[in-house]
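No lab work stands behind these numbers, since they all come straight from the coordinates. From a predicted model like this one, the values you see are computed outputs, not experimental measurements. Glycine gets a Cβ as well: all are built from the backbone with ideal geometry, and neighbour counts include every protein chain shown.
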There are 2 protein chains.
Amino acid sequence: MNLRLFTPGPVEIPPRVLRVLAWPQPHHRTSEFRATLQRVTDGLKELHRTQGEVFVLAASGTGAMEAAVVNTMSRSDKPLVIAGGKFGERWAAILKAYGFAPDVLDVEWGKSVSVAEVGRRLDADASITRVFATHSETSTGALHDVRELARACRMRQRVLVVDAVTSLGVHPFEQDAWGIDVVVCGSQKGLMVPPGLATVSLAPWAAGLIEGERPPRFYFDLRKARKSAPLGETAFTPPVGLVLALEEALAMMREEGLDHVHERHRRLAHATRAAAQAIGFTVFPAHPAHAVTALLPPEGLDPSAIVKRLRDTHGIVIAGGQDSLKGRILRVGHMGHYTLADIQLVAGALEECVVALGRPATGARTAAISGWSSE
Amino acid sequence: MNLRLFTPGPVEIPPRVLRVLAWPQPHHRTSEFRATLQRVTDGLKELHRTQGEVFVLAASGTGAMEAAVVNTMSRSDKPLVIAGGKFGERWAAILKAYGFAPDVLDVEWGKSVSVAEVGRRLDADASITRVFATHSETSTGALHDVRELARACRMRQRVLVVDAVTSLGVHPFEQDAWGIDVVVCGSQKGLMVPPGLATVSLAPWAAGLIEGERPPRFYFDLRKARKSAPLGETAFTPPVGLVLALEEALAMMREEGLDHVHERHRRLAHATRAAAQAIGFTVFPAHPAHAVTALLPPEGLDPSAIVKRLRDTHGIVIAGGQDSLKGRILRVGHMGHYTLADIQLVAGALEECVVALGRPATGARTAAISGWSSE
């Protein structure tokens, strides 16, 4: 069965990108590949809206998070982690693995952080030098206002490190203008490329952050990446095929126009929420991101039964909840090259599942989607 | 121009494997992908000849080397590094980055380590607990006798960690029978898959090595990998496409028969050396590996001129030397799915370059290759 992915990533790969993966791959120490890597790096800078640096790593997003930690934290730094889900908590776990004792601002899962509260924490503790946050929290579907967070951090001269794994290519993002020091991302989300490539970016003013006494670092040592970058190289063998694929995906975004890409994701996310609510689901997060729609099922329905029926009957793969949300929510991903037709498809299938599991059809779904169809 | 790769890796990817990369990719948390990962892991165990564990990481080979260091070294361990080239020296660099002070046994580049000397070092210093070695040293083309090395280590109850990045799938390898505790490998060499996937294996008796007080580790923490493995999962998002590609590459090796694969590499390597010598090159290493042939050019010829002409005139990419061998040697890779026809092709092109650069043709090349053609 040909399964369709509506997962919170890895996302469905566009055929244009898949095609590139089947091309014979150049060696990475050739002028041909060096030029490709330069173009990809430039495209990534455009996407981050930064004049700084973007480094490409062979790793998953967690590898890029670890790179951000080991390259920016010194023994005297004190981190504040904003944790409102599995990925926020991962910042704390990585920091702890490296012997740091992060202050954790626990945000209720599904809620977004109060920037005012972050400000109070920073004001109350002058020893906090680094803030680790998540833009789009994939485990809860919540969006955190990293623009305001950056303002709060800049104002107090604290460094902000943002996990933008499921927001780049989905939400408007302005690293330099908003004042975000460090951003990490992964290939398999809004970038529409298979997993295995991750990035760390440094804003122009944050270049010095990676110098000095740091925890042990070798594979993720960004000083090595920085030395290789002007040559169109990476410190260690890059994931060549994924770099070529990313070049194609970035070309697709450029052709569509980045503003259009963001606007399309906004419409798809709203359409998904509207349709799901019309069928009887409740949107879980208070401030939902446009990457993933997290839903509470209609009262009494088991999310895993819906996930299973979607897969077995409709050939659609969505995700359930993780950690404390396991068995409670459903997560429908719509990052990448989806259109409103795809939302019709997944919403129709969701409704069929609900009806098959004993709920009445409401007939309100199509009308709910239609409001978000304007081109 | 369609370039042919005869590089020391990333190698030319077989069309069968490229084709798989263009397939729609399953989500990694599905029974379909879990079954794939289990099959790939079993195939890797076959390749290592181990009944132990093989963990798949999203990283380059250096990431796997770092994983081996951070999972096996405690503060009280003292490492001995056998360094006879760039990759042997990398073990020392990683260990130093983590605060260890390795004893380094410097082997002249191009030579292979004397196991007797290792034995003397181990006998002279009982505090050495770990030995880090390279099987096929890609920078010099030299093969180290890890079988005898393992015997020397086992006899003295020292742990042996081997970089088999360019030997697995090329040379016979018997992790359990030879007694090698830990082995690291990467996808882009004998495994015939694009770069971005790396592995660490632990022999059955070495399972406990990764437990206990260790340097900071998170992304490369093999305890996490071990927890996920029985579920057919990896600790973090795996490089899904590369795992599918590796399944195909392992199937190709199984169809050919692993013994045949090794024997074919032996013939190709001997044919390459014979042809190169007939043209006037000198084989650089004393005990050459079958992965890469490192050559000194005929007296007075500049290796980089040969690399350039091979590329510009013949569409063939080979590599020059690295670090202290830069500008001194040429390296011709023949790992993967090459046949004797490919060796004819690269040898013919090498001869053309030599003649074009002013040396006489000897006519001895074809006869030299022909001795290695027996099926």
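The alpha-carbon positions of chain A define a convex hull whose volume is 128 Å³ per residue. Per-residue mean of foreign Cβ neighbours for B:25-34 is 5 (Cβ atoms of other chains, 10 Å radius). Could you work out the relative contact order of region A:181-230, using alpha carbon pairs under 8 angstrom and six or more residues apart, expressed as a whole percent? Dividing the mean separation by the residue count of region A:181-230 yields 28 percent.
Shortest first, B:R266 label-point distances to identical copies amount to 6.7 nm, with the label point at 7 Å from Cα along Cα→Cβ.
Can you give the average number of partner chain beta-carbon atoms within 10 Å of each beta-carbon in peptide A:94-103, as a whole number? Intermediate values should be presented prior to the final figure.
Working: counts 3, 1, 2, 6, 4, 1, 1, 0, 0, 0.
Going residue by residue through A:94-103 and averaging, the value is 2.
Across the options A:V81, A:G110, A:V200, the greatest Cα extent toward the positive end of the charge dipole of region A:15-255 (unit charges at beta carbon of Lys, Arg, Asp, Glu) belongs to A:V200.
On average, how many beta carbons from a partner chain sit within 10 Å of the beta carbon of a residue in B:4-13? Numbers along the way, then the final one.
Values: counts 1, 5, 1, 4, 1, 3, 11, 2, 3, 6.
Counting other chains' Cβ atoms within 10 Å and averaging over B:4-13 gives 4.
Within the protein assembly as shown, DSSP assigns beta bridges of which about 55% are antiparallel (rounded to the nearest 5).
Label-to-label distance, A:S373 versus A:R19, with points set 7 angstrom from Cα along the beta-carbon direction: 2.9 nm. Over 17 Å apart: what share of the alpha carbon pairs of region B:60-167 falls there, rounded to a whole percent? Percentage above 17 Å: 46. To the nearest ten degrees, helix A:240-256 and the longest principal axis of the Cα atoms of chain A are 60 degrees apart.
Evaluate region B:120-242: find the radius of gyration of its Cα atoms, find its Kirkwood radius, and give the ratio Rg to Rh. Reported Rg/Rh, Kirkwood definition of Rh: 0.98. Once the Cα atoms are used to define both axes, helix B:258-279 deviates from the longest principal axis of chain B by about 40 degrees. Taking only the Cα atoms of the protein assembly as shown, the radius of gyration and Dmax are 26.8, 88 Å. Between the beta carbons of A:A93 and A:T282, assuming R0 = 22 Å, the FRET efficiency works out to 0.15 to the nearest 0.05. Taking trypsin sites (Lys or Arg not before Pro) across region B:41-120, the ones in a DSSP loop with at most 10 further Cβ atoms lying within 10 angstrom of their Cβ are B:R75. Using 15 Å as the cut-off for backbone N distance, which residues of region A:196-240 belong to the label zone defined by a point 7 Å from the Cα of A:D42 along Cα→Cβ? Answer for region A:196-240: A:230-233. Calculated [222 nm] ellipticity per residue, helices only, for chain A: -12500 deg cm²/dmol; basis is -39500 (n - 2.57) per DSSP H run with n ≥ 4, divided by all residues, nearest 500. Cross-link partners of A:K78 among lysines, defined as those whose alpha carbon lies under 17 angstrom from its own and excluding same-chain residues fewer than eight positions apart: A:K96. Under the criterion of Cα pairs below 8 Å and six or more residues apart, the relative contact order for chain A equals 24 percent. Its Cα centre serving as origin, chain B has a Cβ charge dipole (Lys and Arg +1, Asp and Glu -1) of approximately 400 debye.
Take A:E299, push a point 7 Å out from Cα through the beta-carbon direction, and compare it with the same point in every other copy: 9.5 nm, smallest first. For A:A251, the label point sits 7 Å beyond Cα toward Cβ; its separations from the matching points on the remaining copies run 2.9 nm, from shortest to longest. The modelled label-to-label distance between A:E263 and A:A356, using points 7 Å beyond Cα along the C-beta direction, is 3.7 nm. Within region A:85-116, list the residues whose amide N lies under 18 Å from a label point set 7 Å along Cα→Cβ of A:M155. Within reach of a label on A:M155: A:113-116. Relative to the longest principal Cα axis of chain B, at what angle does helix B:146-155 sit, 0 to 90 degrees, rounded to 10? Between the helix axis and the principal axis of chain B, the angle is about 30 degrees.
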